[in-house]
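Encoded as structure tokens, the structure appears first; notes follow it.
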Amino acid sequence: MSALTDRLNRILHSVPAHPLGTPESAAGCLDLAYERAYAEDHAGAIRSITAGLELPESDPSTRLSLWGAMASIRHLSGDDDGARRAADARLSLLRSAGWDHQADMEADLGSLLFREATETEMPLLEAALLTHGDAGAPEHVLADIKLALAVALHSSGNEAALEALEWCADVYHAAGRPESEGGALLYLAHARATAGETDVAVAVADRLLELDLNRAMKAAVWMVKATANSERGHAIEAEGCALEALDLYSGAGVRKGAVSAAAAVAQLAALSADHDAAILAWKIAIQQAERGEFEETWALRLALAHQLLDAEEHLLAEEVLEALVDRLGAFGRVTERARALVSLGHSLRHQERFDEALAMWREAAGTFEEAGLPGEAARTLLALATLVSHEGDPAEARGHYQRAVDLARDAESDPAALPTALHALGHALCEEKDVDGLGALDEAIRLADDHGADWHSADFRDTHARCAWMLGDGRRAVAEALDAADRFRTVSDADAAGNAELFAAHVLTESKRLDEAAALYRLISSDHADSVAHVNAAQRGLADVLDEQGLALQAAEARETAQRVVDEALDGAEDAAHGVLAAEEAIGREDDAGPSDGGRRRDEDEPEEPRES
């Protein structure tokens, strides 16, 4: 078990703290109020603030923060009168403390400072900034106005807001107002991340983490870092940041934040094929959603099921999906239930329970059609047709493929559905020696070209080449396969390019164009020297050609080369395994001391795995 799964297990099995517990200090009540506000528990936040204000030993600065938080939360809960009363109480405290500039400014603007200003209120803030600046208000007082103005400016898309936010944060820092500094920096970090300035966003987030933040705010900072690192391509760092956010959100009872963080951990873990961690993270997301009594937990359960499918835990996936199908049915969620049925069909297919899988897909396809979702119906029918064909009923399969194409023509919101369906239909027809299949593939190619789908354009041409060979047109097959190979190279898919070239060489061999086949096999060995699979396949193909040409000695050399690259690869893998074992043994001692084949790219009989909608 890894450190990641250990920590996820701890979070999953942790007992949530009582949300109504009252801290012993006013500062603690303020922190709890912020955490309750992040959790959208406005009543709990107000209770915590009230408890803090009732404590006799609270210092004036903390009491001011409590009244400010009360005004903000009253606004958020729609109680504008309550917000004004809180702002007035704060104003009285400012007067009694002798902080006249702050009091004058807040008297001028009222509770406007404690909510987000609208675009029409921006002139009021601009006027207040000039008025109180001329009156000699210190910069940290002006920063309160400028912060409200910067937030409004950013909401309207004005980039000048970013400089204003930086200025406010620096002024607050110099004035010793860490709470205000944190608020400005958090907004700035989000704004920089949204603008795609990920390096700057991470730097701002790191500055934030040096402050004494409450758990919910600190979690929000870690999520900014997670998002920014993910966009920078730093998946490991992003995963670690999301995990920190998850731990903090979970501890603070901020359920929506915890769900988002858990989903981020799950998705990042899945990218690195850490299925155990991804499964645990999805379970945490579901748990947090249930604790928050959210209605939309079905999508999380479906994500967990998909992760179980990816981990080849097909029986566990079936259990999750069966319960989800029943749950969605009970709540009348017809289309969501159909999506769960599609995934349930895949779990059953992987268990070779084909009749049950077909039943799931037939029901789902019918539901999608009735619900006016032709794209989803078409994709489900493609999976159904592929499995029916696998089970030996090409006539029924052809009907499903054709129906999928017909539906896909109406799927305006899913432009990829039609070329995908045409590709499948074309291949199926050609397998039956029906030349109409080439026409379907031609249309698929045109659509891919029109949409700029370069990889699919290459892939469809590769299929067209193979179908041409099925129909006996070897010259066309070779030309199209080599064209597909060139197109795969333009999208940096060297493996697919090599597979297309191997197919072309195979056709040349079968067509008795032996000199051309030998030259192509040698070229593949040279161009794909880093690929064991391609070199091995090319050398074995070359050996067969040389045998037909009566060059037995050269054929034997080619077979030796084919075997040698495999042996060398196995030796290298064994050395690497020994290195890993040696490292693990060393760690243990420290602890004691204190391309598949060279033909097809894919299995044409394999239905498409479910994708989360």
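The values are calculated or read from the model by the stated rules, or taken from the named source; none is laboratory data. Since we're looking at a predicted model, the values are computed, not measured. Quick reminder, even Gly has a Cβ in these numbers, built from the backbone with ideal geometry, and neighbours come from all protein chains shown. Just the protein is used for accessible areas: all its heavy atoms, side chains included, with ligands, DNA and RNA removed. Shrake-Rupley method; radii C 1.70, N 1.55, O 1.52, S 1.80 Å.
Taking a straight line from the alpha carbon of LYS433, these aspartates and glutamates sit under 15 Å away, with near neighbours fewer than eight places off in the same chain left out: ASP473. The residues of the chain present an accessible area of 47 Å² per residue when probed at 1.4 Å with all protein chains retained.
Note: relative contact order over region 423-579, using C-alpha pairs below 8 Å and six or more positions apart, is 13 percent.
If you sort TRP67, TRP282 by accessible surface, 1.4 Å probe, largest first, the order is TRP67, TRP282. Available extension along the chain between ARG291 and ASP450 is 52.4 nm, counting 0.36 nm per residue and deducting the alpha carbon span.
Accessible surface for TYR401 stands near 20 Å², nearest 10, in the context of the full protein assembly shown (1.4 Å probe). By the Cβ-Cβ criterion of under 4.7 Å, the unpaired cysteines of the chain are CYS29, CYS168, CYS241.
Mean sequence separation of contacting Cα pairs (under 8 Å, at least six apart), scaled by the length of region 1-147, corresponds to a relative contact order of 15 percent. Expressed as a whole percent, the accessible area of the chain that falls on carbon and sulfur atoms is 51 (1.4 Å probe).
Report, ordered by chain and residue number, the lysines lying within cross-link reach of LYS146, taken as a straight Cα distance under 17 Å and ignoring same-chain residues fewer than 8 apart. LYS146 reaches no qualifying lysines. Whole-percent P(r), region 425-511, all Cα pairs, 10 Å bins from 0: 21, 49, 28, 1.
Multiplying the residue separation of ASP355 and ASP393 by 0.36 nm and removing their Cα-Cα distance gives an extension gain of 12.4 nm. Sorting ASP31, ASP144 by solvent-accessible area of protein heavy atoms yields ASP31, ASP144, largest first, with a 1.4 Å probe. Ignoring lysines fewer than eight residues from LYS218 along the same chain, the ones with Cα atoms less than 19 angstrom from its Cα are LYS256. Annotation: extensible slack from ASP134 through GLU197 equals 19.1 nm (criterion: 0.36 nm per residue apart, minus Cα-Cα distance). By a 1.4 Å probe calculation restricted to protein chains, HIS13 has an accessible surface near 130 Å², given to the nearest 10. Note on the chain: helix-only mean residue ellipticity at 222 nm, from DSSP H runs of 4+ residues weighted -39500 (n - 2.57) and normalised by residue number, equals -26000 deg cm²/dmol. Charges were assigned to the Cβ only: +1 to each Lys and Arg, -1 to each Asp and Glu. The resulting dipole of region 293-396 about its Cα centre is roughly 220 debye. Each of SER511, ALA89, ALA453 was scored by the projection of its Cα onto the charge dipole of the chain, and the greatest displacement toward the positive side belongs to ALA89; charges sit on the C-beta of Lys, Arg, Asp and Glu.
Using Cβ point charges alone (K and R +1, D and E -1), the dipole size of the chain about the Cα centre works out to roughly 1180 debye. Shape of region 281-362 from its Cα gyration tensor (a ≥ b ≥ c, root eigenvalues): rounded if a/c is under 1.5, otherwise prolate when a/b > b/c, or oblate? Here region 281-362 falls in the oblate category.
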